[in-house]
Amino acid sequence: MNRTSRGHGPIAAQPRGLVCFHDLRKPPLTSETVNLSPAALIEHARSEEGRKQLRYAGVSVVFVPLGQILIQLLGALVFFNQTAGGGKEINWTAASIASAAILTVPNFFANKYLVWKETSKDNMRTQIVVFWVAAMLGVTFATLLTYLVDSMIEGHGWFEKVAVFFAQLTGFGIVWLGRYVILDRWIFKVIQGEEPDDDELDMMHGDLPI
């Protein structure tokens, strides 16, 4: 069915296989659209979207423990002060920020090439900057939890380390879900077809956080 654009007359129907910007809008999730039965979950896991989500989870299975290990190492070897009694006072906040800064770049490329299978080098700088901002927002949230936990149970030895570990997991777990939406909807969204008209550009700019 043809549609009319402002001042341009009727536009031919979109050829099969092309994606318009108005197609990016996904229907909201409701209780009627979410099916959590085992059969539905298996079917979703076999879909393209499901396989992508499994790849995303697989990358996280590598980077989350790696980040936690790096935090512990940086805290024990770099970000600490000697106490008067000969012990160590570890700055977990600095260790958390340093760990995120170190792992941001390899995490970006792992998601780009392994999860979304995006091989194009177009807008690479923009993608890295947006990913870095998202990562820093995530580490800021997780670091705040770490600081609160560290300040409440400072000096409790191994219990302090375990509490910091779970504070980090909680913070990054929440951010992990939000980051998937950012990566999927904006950073690695592949658009094929003709250049969008004015109406579609207006709709796109209404969706993107720019």
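The numbers here are math on the coordinates, done by the rules we state, and not lab data. Note that the coordinates shown come from a computational prediction; the quantities given were computed from them, not determined experimentally. Because the Cβ atoms are built from the backbone with ideal geometry, glycine has one as well, and the counts that use them run over all protein chains shown.
Karplus-based coupling profile of region 96-109, in residue order and whole Hz: 5, 5, 5, 4, 5, 5, 5, 8, 4, 5, x, 5, 4, 5, with θ = phi - 60° in 6.51 cos²θ - 1.76 cosθ + 1.60 and x standing for Gly or Pro.
The lysines within cross-link reach of Lys112, meaning a Cα-to-Cα straight distance under 20 Å and a gap of 8 or more places when in the same chain, are Lys52, Lys121, Lys189.
Order of Lys88, Lys112 from fewest to most other C-beta atoms within 10 Å?
With the fewest neighbours first, Lys88, Lys112 line up as Lys88, Lys112.
Cross-link reach is defined here as a Cα-Cα straight distance under 23 Å, omitting same-chain residues fewer than 8 places apart; for Lys161 the lysines meeting it are Lys88.
For Phe80, the residues 5 or more places off, or on other chains, whose built amide H falls under 5 Å of its own are Asn91. Given points 7 Å out from each Cα along the Cα-Cβ axis, report the Lys117 to Leu66 separation in nanometres with one decimal. Placing both labels 7 Å beyond Cα along the Cβ direction yields 2.2 nm. If R0 is 41 Å, the Cβ-Cβ spacing of Val59 and Trp158 corresponds to a FRET efficiency of close to 0.85. The distance between label points at Trp132 and Asn35 comes to 4.4 nm (points 7 Å beyond Cα on the Cα→Cβ vector).
Sorted fewest first by neighbouring Cβ atoms within 10 angstrom, Ile102, Ile97 come out as Ile102, Ile97. A full extension of the chain between Ser47 and Met124 corresponds to an added length of 25.0 nm, given 0.36 nm per residue minus the alpha carbon distance. A simple rule links phi to the HN-Hα coupling: the Karplus curve 6.51 cos²θ - 1.76 cosθ + 1.60 with θ = phi - 60°, which for region 111-122 gives 5, 5, 8, 9, 8, 8, 6, 8, 9, 5, 9, 5 Hz, with x for Gly and Pro.
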